[in-house]
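The values are calculated or read from the model by the stated rules, or taken from the named source; none is laboratory data. Only a predicted model underlies this, so the values are computations on that prediction, with no experimental measurement involved. Virtual Cβ from ideal backbone geometry, glycine too; neighbours counted across all protein chains shown.
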Amino acid sequence: MEIREGEKAGNWYRRLTCSRECNGKLISQSRLERFHEERLAPYPYEWTGPEGDALRTQIRERDCHTCQLCGDLPGLKEHPVHHIDYNKHNLHPSNLITLCPGCHGKTNQNRERWQEILAAYMREREILGEVAA
């Protein structure tokens with residue numbers, strides 16, 4: 001196989017996979033495995049136990065039970081509390097934010113961008129004294 005001008009040498013060219021199609025499957029599979037590893041990693045007991053319930057309640061009260069992105073109020077069920085840096089073990093209040101289910105779902109796409117947006121938002125709140133540093 002030859003590389004055309006301007007074309008990048010992918011795994012298929014370096015003979016790690018047999019074709020571009022197989023290369024796409026390999027990339028998709030590795031992304032899927034990484035997603036499941038992150039998604040299925042257990043939350044610490046401090047988050048799932050009674051202390052976690054109290055912490056989530058504290059964060060929701062701090063955020064006035066309102067989604068901090070769209071301003072939505074909860075219906076029958078409380079809004080989820082999101083880990084800004086996606087680290088389930090970082091339970092510092094400045095890393096936690098109340099989001100509605102719709103906005104919380106959006107944060108699972110393009111995580112780096114959302115991490116920057118939400119971290120900047122929390123830094124601004126810290127400066128204004130709304131959140132303890």
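Computed quantities for the displayed model
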{"read-out": "Lone qualifier among 62, 111 - being under 19 Å from residue 131 (Cα atoms) and of a type in the set (D, E, K, R)", "value": "62"}
{"read-out": "Filtered residue count, the stretch 74-133, keeping only those that are within 17 Å of residue 43 (Cα to Cα) and charged (D, E, K, R)", "value": "2"}
{"read-out": "Among (1) at pLDDT below 95; (2) part of a helix (DSSP H, G or I); (3) closer than 18 Å to residue 91 by Cα - the single one residue 43 does not satisfy", "value": "(2)"}
{"read-out": "Close pairs from the stretch 63-75: first surrounded by fewer than 17 Cβ atoms within 10 Å (Cβ to Cβ), partner assigned to a loop (DSSP other than H, G, I, E, B) and among the aliphatic types (A, V, I, L, M), Cβ under 7 Å, at least 6 apart", "value": "65/73; 66/73"}
{"read-out": "Hits in the stretch 87-133 - residues which are touching a Phe, Trp or Tyr at 6+ places or on another chain (Cβ under 9 Å) and either modelled with pLDDT under 90 or part of a loop (DSSP other than H, G, I, E, B) (or both)", "value": "88, 89, 91, 107, 108"}
{"read-out": "Residue list for the stretch 57-86, restricted to those being touching a helix residue (DSSP H, G or I) at 6+ places or on another chain (Cβ under 8 Å) and not in a loop (DSSP other than H, G, I, E, B)", "value": "58, 59, 62, 81, 82, 83"}
